[in-house]
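Some notes on the structure that comes next.
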Amino acid sequence: MTAQNTELPLIGDYSTAGPLLTGARIGVVTFPGTLDDRDAARAVRLAGGEAVSLWHAEPEGAAALSSLDAVIIPGGFSYGDYLRAGAIARFAPLMDAIISAAGGAGNDAGSGTRKGSAAGLPVLGICNGFQILTESHLLPGSMIKNENLKFLCQDQVLRVENNATAWTREFTAGEEITVPLKNQDGQYVADEKTLDRLEGEGLVAFRYVGGNPNGSRRDIAGITNAAGNVVGLMPHPEHAVEPGFGPDSAAGMRLGTDGLGIFTSVVASIAGGAQ
Amino acid sequence: MTTGTQNTSSADARQFNIDTVEHAATTPDTELPWAELGLKQNEFDEVVKILGRRPTAAELAMYSVMWSEHCSYKSTKVHLRQFGDKLTEDMKKDLMVGIGENAGVTNLGDGWAVTFKIESHNSPSFVEPYQGAATGIGGIVRDIISMGARPVAVMDPLRFGAIDHEDSQRVVHGVVAGIGGYGNSLGLPNIGGETVFDPIYQGNPLVNALAVGVLRHEDLRLANASGVGNKIVLFGARTGGDGIGGASVLASESFDDTKPSKRPAVQVGDPFAEKVLIECCLELFKSSLVEGIQDLGAAGISCATSELASNGEGGMQVELTDVLLRDPTLTPGEILMSESQERMMAVVNPENVEAFEAVMATWGVEYSWLGEVTDTNRLIITWDGETIVDVDPKTVAHDGPVYDRPYHRPAGQDALEADRFRDSAAGADLPASGEALRASVLELMASPNMCDKSWITSQYDRYVGGNTALAAPDDAGVIRVDEETGLGVAVATDANGRYAFLDPYAGAQLALAESYRNVATSGAIPMAVSDCLNYGSPEDPEVMWQLAEGIRGLSDACLELGIPVTGGNVSLYNQTGANPIHPTPVVATLGKFDDVGRRTPSGFHAEADGQAVYLMGV
Amino acid sequence: MPTIVVDVMPKPEILDPQGKAIAGALPRLGFTGFASVRQGRRFELTVDGEVTQDVLAQARKAAEELLSNPVIEDVVNVAVLTESAQNESQSA
Amino acid sequence: MPTIVVDVMPKPEILDPQGKAIAGALPRLGFTGFASVRQGRRFELTVDGEVTQDVLAQARKAAEELLSNPVIEDVVNVAVLTESAQNESQSA
Ligand SMILES: Nc1ncnc2c1ncn2[C@@H]1O[C@H](COP(=O)(O)OP(=O)(O)O)[C@@H](O)[C@H]1O
C-alpha cells in the first residue's frame, strides 16, 4: 500500500492532514440525504488535498467546478433513495455541470474540458455516488438490491484491477485492499455485452475478493470510464483512511487505512498532471 | 397566514361543527367520550374542575393524551423522584440539564457537551415491526436534536420471544430491518445494543432505542416559549391522521354526527425527511435562529404547545387552521393529537423570521407560522379565529394526575427465589471429559442469546461519520466527539430480565453494574445514566412492586457509584392478558474519554500473541 | 405462459414517503401536471399451466398474505394479464 | 381526481432478487401454482384537472426519464385509471 500507512501513528493523530502537496482542491457534493460527505472531505484532507463543499443546487455549477481539480460524489441516501438509488439526485443542477466537465454522459472518451487538461475532470462516485453516476450514464450499468435483500455492512477485500485511473494510480495492479462495504442496493448489473466490453477494455477498477457480498455481476465492485477520470465503486474507501476508525487489518483491530490510496492517487494525479 | 407552501385548509376551515369554548360553556350536559379517550371518571372530573366548565372537544383531546400514562408518568412519578433526590453535589457537577427536559445534558469539557436518552417503541413494533422500530429511532433522534445537539450515534437494546416461535420471524426481521432502514438513512452509526430471546416477550417484544448527540455549550436549546411576540412555527412533515386511530371518536367534534373516518392504524416513517430536518435544525442552531424548540412525538401538537407554553414565562396563541395537513379531513382535536413523524415546533424572534425561512428554503422543508408567545399565561388555540382551547398550559403538561398505586411483594416471590435449576441443567453432570466440555461450550455458543450477533449488526452502518472508535462486537460503543483532541464518549446498554424477575431491586442494580463495567472496560470514565423501564401493568400490585423495587434499586446503585440518571423513559402495560413480561430495566451508561485513541477493543488480536491473560474481580 | 398481475398500493391514509419524494422531483424536471404521486408495487406471477379459478384464488390469497402488508397496504388489483391488454396499455 | 397509472418492471434479462425471494417463499406457504415471480413498481399520478393528451404525454415522458431506468427496467404500462377499471380489477 501507500507510504502514508506506515508513517501514520498507530492510532490517534486526528487533526493533522498529510502535507498539502499540491494545493489540490477537491469538491465534495452534498445532496439532501447525503451521509458520507464529511467523511469524504476528511479523507481528502488526510490525503493532502483541500476539500471544498459543493451544494447540489449550486446555480453556477460550471463556475464552481472550474476552480476545482476533482469532484467526489459521496455515499448516503440522496432523496432517501426512494425511487431508485441516485435517481432523483441525478437531476440536480450541479450534476449537469459535473457530467459535462467529466466528459459527457455515455462518452467514455473523456473529452471534457477543464483548466489546461486534456482529460475530463476526475470524478469519484462512492456507493450512492456510484449509483448517481450510473443514473447519469457517466458509467454504464446500474445497481439493484443486494442478492439477500438486506443492508450489508462489513469489511470487504477488493482487488485493484485497474491502477491506471486518476483514482487508483497509487496502487499496484492486483493489489488487495480492505475497506468497509455498506449498502442496500449494491448489486452491480449490466447486460452481457456491456460486461464483456468492460472486461475487454480493462474498465473494471475493483473486484470483490473472498466471496461476492451482493451478487454483483462478475464480482464487480467498481468501474472506470475509458479515460480513467470517472470512477465509481460501491465500497467506502473514505472509511478506511484513519487508524482507529477503519476496518480491521493485519496491523490490528480497526487500524486499516487502505482506502487512503484512492485519495492520494487523485492528489498525485493532479500534482503530476493528467495520467 | 404565511406558510412555506400553499395551504388549502383555511378555505375548508368550517367543514366541522366546531366545539368552541363559548359553546362548551353553554352546553354543560353534552356527553363526552372521555372514557373512550382513556380518561378515568376522577380524571375527567378534575379537568372540569380545572376549567370551571366542560372541556371542548379539542381540550378533551389534549388532556386525554397529555394525562395518559405515556405522557404524564402518573403511576411512576412518585417513585421516579428518587433519581432527583438521591443526588450528591458531586453527582451534579457535570450535569447541565437533568431529568425533565427532552434529554439530559452532560458537560464534557472544552466547551463540549453530550446528550443521550433511551426510549421504548414496544407495542408499535409488535403491530408493525418495520415501521414501529423505524419510528422508534426517529423519535429518539428528534429528542436529541431538540436539545440543540447533532445526533452522532444510535443503539438498540431488543427483546424478542422464542427464536423458533412462528411469529418471531415477522417481528425480528421487521424490527432489525426497520432500525437499520431508518438509522442507516440518517447517517447515524449504530454502535451497539442487545438481542435477547425469551418466550416471556412473545407477545410483548421490547424495542428500545437510544440516541447520543453532541453540542457546543452555546448551542444548548430548551423547550420553552419565552419572549412576548416571538413567533411559533411548525416545520417538517405535514400533519396526517397518524397515531389517532384509537381516538376516532374525535372524527366528529360535535359528537352529534358519527361519520366514520379512516385513520391510519400505524405510523410510517420518512427517514429522508428526518435527515433533512436534522441538517435544517443544526443550521438554525448554528445561526441562533430559534429561541426554543420541541420535537413532536407522542401527543403531537398538544404536547409541543402545552410544554413550550408551560416551560416559558407567558402564554401562547395558536391558530390551528394554519397547520399544514396531509389529510384535509382532520378535525381540530385530531390535529392536536396527531403523532405524525418528522415534525418540530420552534419559537422564533420576529427579527429572525426571514432568516428562518431562508434555511427552510435551502433544505426544502415545509413550515407554517401558527401563532405567537403572549403574556396571558394561557394557551389559547383558535380554529379560524374561534377559540377552541383556553387553558392554563401547566394543567395540561405538568399537573396531570399522580397515583401512588398500591403494591406488594408477590405471593410466589419466596418460592421463586427458593427455586433451583431443575430440568436438564440440574441433572447434567459437570463436564468430566474434554469431549463433554467441548460439547457444553458449543451448546452455549450456539444458543441464540450467546451466539454471534453479526447477522443483526451487519445490517447496521457502524462506519458512517468516521468517528466510530468502537462498535459491535465490542463491550461499549465509542464515538469521537472532537477530531482535534480525540475527546469522545462510550455508551453501553444492559439489562437482565431474569435477574430482575428473581429480585427486582438487585436486578436493576445489576443492569447498571453491567453497563457501567462495559463502559469502564472500554477505557472510559462513566459519567451519566439513562434508563428505559420496561414493565407490565402498574395496576397489578405485584408488577407495581417490581417497578418500585427496580427504581429504588437503580437509584440506590447510582448513588453508590456516584453517577446521575439524566433522563429516560417508562414503558408500562407490557403484558399479554394477566402475564407481564419480566421486569426489564434497560440501563445505558455513558462515559467520557479525553482521547478515544486510548480505547480498548474487546477480543484478542494477532498483535497480542504471547501476552498474558488475566481474569479480574471476584 | 399466462401471467397474473397483482397490484399493491399504500393505503390512502398512510404516508407514502416514496411518492412524496417523486412528487417533489417532478416539477423540478418540468412535469407540472400532477398533484400527487403514490408508489406501490406490481407483481407478475407466471402460471405454470392454465389459469384456473383455483390458481386465481391462490393469487388473491398470496396477494393478501404475502405480497402485501395489510396494515399499511391495499391489494388494488389481481387480474390475468392478457397479451392484448399488455399491448393496449403499452400503447395507451 | 383522475389518476394515471405507470407500471415499471425489471427487464426480463435482469435478475430480480425480490421476485426470486417471493417465488421461493410461495411454495413454503402452500402456493404451488406459480412458476416465477417478478416484482416491479406501480406509480399512481394524480392529475390536477383533466387528462389531456399533453398530460398523458408528460406522464409517458416522466415514466421513461424519471420513473424507470432504461438500463434495467421497462415501462410496461401508462394508462388512465378509470373508476370502473379500478372496481373491475379489484373484483377480478
Ligand atoms: N440489537 C443490536 N444492535 C446493535 N448491536 C448489538 C445488538 N445486539 C448485540 N449487539 C452488539 O453485539 C455485540 C455482542 O453482543 P452480546 O452478545 O450481547 O455481547 P455481550 O454478551 O458481551 O454483552 C455487542 O457489541 C453488542 O453491542
Whole-Hz couplings from phi, Karplus 6.51/-1.76/1.60, listed for the range D:26-36; x for Gly and Pro: 3, x, 4, 9, x, 9, 10, x, 10, 8, 7
Per-residue HN-Hα couplings for the range A:210-226 [Karplus 6.51, -1.76, 1.60; θ = phi - 60°; Hz; x = Gly/Pro]: x, x, 8, x, 9, x, 3, 4, 6, 6, 6, 9, x, 9, 10, 7, 5
Near-label residues of the range B:579-618 by backbone N, under 16 Å of a point 7 Å along Cα→Cβ of B:Ser440: none
Whole-number percent relative contact order across chain D, with pairs defined as alpha carbons under 8 Å at least 6 apart: 49 percent
Overall dimensions of chain B as given by Cα atoms, namely Rg and Dmax in Å: 24.8, 86
For the range A:3-274: relative contact order, % (alpha-carbon pairs under 8 angstrom, 6 or more apart): 20 percent
Cβ neighbours within 10 Å from other chains - mean over B:173-180: 2
Hull-based mean projected area of the protein assembly as shown, where the convex hull spans the alpha carbons, in square nanometres: 44.5 nm²
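Is there a simple number for the mean count of other chain Cβ atoms within 10 Å of the Cβ of residues in C:65-72, and what is it? It would help to have the intermediate numbers written out before the result.
Numbers: counts 3, 7, 5, 0, 5, 1, 10, 8.
Taking all residues of C:65-72 together, the mean is 5.
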Closest-to-axis residue of chain D (Cβ criterion, axis taking D to C), whole Å: D:Arg42, 2
Simple spin-label estimate for B:Ile525 and C:Arg28 in nanometres, 7 Å along Cα-Cβ: 4.7 nm
Other copies of C:Pro2: label-to-label distances in nm, shortest first, labels 7 Å along the beta-carbon direction: 3.3
Simple spin-label estimate for B:Ala612 and B:Glu560 in nanometres, 7 Å along Cα-Cβ: 3.0 nm
Copies compared at C:Glu65 - label distances in nm, ascending, label defined 7 Å from Cα in the Cβ direction: 4.5
Sites D:Thr82 and D:Arg60 - FRET efficiency at Förster radius 22 Å, r taken between beta-carbons, to 0.05: 0.80
The protein assembly as shown: antiparallel DSSP beta bridges as a percent of all, rounded to 5: 80 percent
√(5λ) per eigenvalue of the Cα gyration tensor, the range B:74-153, largest first, Å: 27, 19, 8
Interchain or long-range residues, amide H under 5 Å from A:Asp258's placed H: A:Thr178
Interchain or long-range residues, amide H under 5 Å from B:Gly192's placed H: B:Asp156, B:Ala472
Span from the the range B:15-65 Cα centroid across to the the range B:130-201 one, whole angstrom: 37 Å
Dipole moment magnitude, nearest 20 debye, the range A:3-274 about Cα centre, only Lys, Arg, Asp, Glu C-beta charged: 240 debye
Label-point gap, in nm, between B:Arg170 and B:Leu430 - each point 7 angstrom along Cα→Cβ: 4.7 nm
Inter-copy spacing of C:Ala35 label points, which lie 7 Å from Cα along Cα→Cβ, given in nm from shortest upward: 4.3
For the protein assembly as shown, size of Cβ-based charge dipole, Lys and Arg +1, Asp and Glu -1, in debye: 1400 debye
Average projected area [Cα convex hull, the range A:3-274], square nanometres: 12.6 nm²
5 angstrom amide H check on A:Glu170, placed H, neighbours 5+ away: A:Ser265
For chain D, fraction of C-alpha pairs farther apart than 21 Å, in %: 46 percent
Cβ-derived FRET efficiency at R0 56 Å, B:Glu351 paired with B:His408, nearest 0.05: 0.45
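Would you please classify the overall shape of the range A:143-209 from the alpha carbon gyration tensor, given that a ≥ b ≥ c denote the square roots of the eigenvalues, rounded means a/c under 1.5, and beyond that prolate means a/b larger than b/c while oblate covers the rest?
Oblate, because a/c is 1.5 or more while a/b does not exceed b/c.
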Long-range tail of P(r) for the range A:189-234 (Cα pairs > 11 Å, %): 65 percent
Beta bridges by DSSP in the range A:3-274, antiparallel share as percent, to the nearest 5: 60 percent
Efficiency of FRET between B:Ala298 and A:Glu192 - r from beta-carbon atoms, R0 60 angstrom, step 0.05: 0.65
For A:66-79, mean number of other protein chain Cβ atoms within 10 Å: 2
Residue-by-residue Karplus 3J(HN,Hα) for the range B:152-160, coefficients 6.51, -1.76, 1.60, Hz, glycine and proline x: 10, 6, 10, 9, 9, x, 10, 10, 10
Positive-end residue, the protein assembly as shown charge dipole about Cα centroid, Cβ charges, pick of B:Gly466, B:Asn352, B:Leu370: B:Gly466
Over the range B:417-553, volume per residue of the alpha carbon convex hull, in Å³: 177 Å³
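Each reported figure results from applying straightforward, stated rules to the coordinates on display, with no laboratory input. What you see is a predicted model; the values in this text were computed from it and never measured. All Cβ positions, glycine included, derive from the backbone under ideal geometry; neighbour counts span all protein chains shown.
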